[in-house]
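Each value in this text was obtained by applying a stated rule to the coordinates, not by laboratory testing. The structure displayed is predicted, hence computed values, not measured ones. FYI the Cβ positions are ideal-geometry reconstructions off the backbone, even for glycines, and counts take in every protein chain you see.
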Amino acid sequence: MSVRFRVWVEVGGVHLIGPGGYDILKAIDETGSISGAARRLGMSYRFVWNYIDKM
């Protein structure tokens, strides 16, 4: 048996951050930059920038 769960943040019913967003924020914290986080996660800089901009 295994227990699984997903966590996300909503404000006023609007989804702000989920597991992918957490991964992005963690990678930015660890690498110190958006470009470093994007490289680490295999995402484009533009995708990560837009994700952060929507928060």
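Summary of values
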quantity	calculated
Region 1-46: chymotrypsin sites (Phe, Trp or Tyr not before Pro) falling in loop per DSSP and having at most 12 other Cβ within 10 Å	F5, W8
Estimated FRET transfer efficiency (K54, M1; beta-carbon r; R0 30 Å; 0.05)	0.20
Theoretical ellipticity at 222 nm over the chain - DSSP helices of four or more residues, -39500 (n - 2.57) apiece, nearest 500	-16000 deg cm²/dmol
K54, K26 arranged by Cβ crowding within 10 Å, fewest neighbours leading	K54, K26
Option label - Kirkwood radius over Cα pairs in Å computed here, alternatives [x] 12.5; [y] 11.2; [z] 12.1	[z]
Interchain or long-range residues, amide H under 5 Å from I17's placed H	V9
Simple Cβ-charge dipole of the chain, Lys/Arg +1 and Asp/Glu -1, about Cα centre, in debye nearest 20	180 debye
Most mobile listed residue (G36, G20, G12) in the chain, GNM with C-alpha springs under 10 Å	G12
Local electrostatic count at G20 - Lys and Arg +1, Asp and Glu -1, tallied over other residues with Cβ under 13 Å	+2
